[in-house]
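The values are calculated or read from the model by the stated rules, or taken from the named source; none is laboratory data. Please read all numbers here as calculations on a predicted model, not as lab measurements. A quick note on method: Cβ atoms are made from the backbone with ideal geometry, for glycine too, and the neighbour counts reach across all protein chains shown. Side chains included, ligands, DNA and RNA excluded: accessible areas come from the protein's heavy atoms. Shrake-Rupley method; radii C 1.70, N 1.55, O 1.52, S 1.80 Å.
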Amino acid sequence: AGFQGSEPVRILAGLARKDPAYRVRAAALRGLGRMRASAALPVILKALREDSWADVVRRGAVAALACIQGVRSISRLKALSSAGQPLPVRMEALEWLGRLGSGEKGVFEHLEKIMKESNRQLLFSVVKAFENIKDDRAVPALRKLADESPQQWVKMVAEGAIHRVREGLDPEPPRGRR
């Protein structure tokens, strides 16, 4: 299923470039990513450099890039999740590193490096990425985080992640009513 042809891509690319509403632009970028619209890569790459409230547009571009390029986006995702990038962009890139980085060279080490930072939101993002990456080294890295952190919330989050990794549970519970 999905849209076929270039017309939907053209419409979404136009929205991603010019719509005055940041959230519309971000949604258009994410839509281009879900469509795997590689023809829209120039629009997506340009959006990675655009400022917006809460980096909404840039985050949409990160998701689109990861969807279209898959594991080929790993090096760019590592750069986007590194110090010096805006926090919301780093968090989005970390989410995609967790989704795409299983078995990819250097991803685990990159996550370990970020795990040493003290920002609470980044730590949550790194722990989630470790849960998703399905690397045997994740449990010892999370155990080290839990053991060495003076903050109780870090210990709790890391120990919860260790449990989910060991049990092979999905890191996100189902949403909504049953």
Task: Of residues in the range 16-34 being under 18 Å from the mean Cα position of the chain (by Cα) and among the aliphatic types (A, V, I, L, M), the one surrounded by the most Cβ atoms within 10 Å (Cβ to Cβ) - done: 29
TODO: Go through (1) under 30 Å from residue 148 (Cβ atoms); (2) more than 17 Å from the chain's Cα centre (by Cα); (3) among the polar types (S, T, N, Q) one by one and return the number of the condition residue 52 breaks.
DONE: (1)
Task: Failed item in (1) in a helix (DSSP H, G or I); (2) out of contact with any Leu (no Cβ under 7 Å at 6 or more places or on another chain), with residue 70 passing the rest - done: (2)
TODO: Among the candidates 50, 95, single out the residue that is open to solvent by 20 Å² or more (accessible area, probe 1.4 Å), of a type outside the set (Gly, Ala, Ser) and farther than 22 Å from residue 9 by Cα.
DONE: 95
Open item on the list: Being among the charged types (D, E, K, R), in contact (Cβ under 8 Å) with a residue 40 or more places away in the chain and open to solvent by 30 Å² or more (accessible area, probe 1.4 Å) is the requirement here; does residue 128 meet it?
Closed with: yes
TODO: Report yes if residue 38 is more than 25 Å from residue 99 (Cα to Cα), among the hydroxyl-bearing types (Ser, Thr, Tyr) and loosely packed, with under 14 Cβ neighbours inside 10 Å, otherwise no.
DONE: no
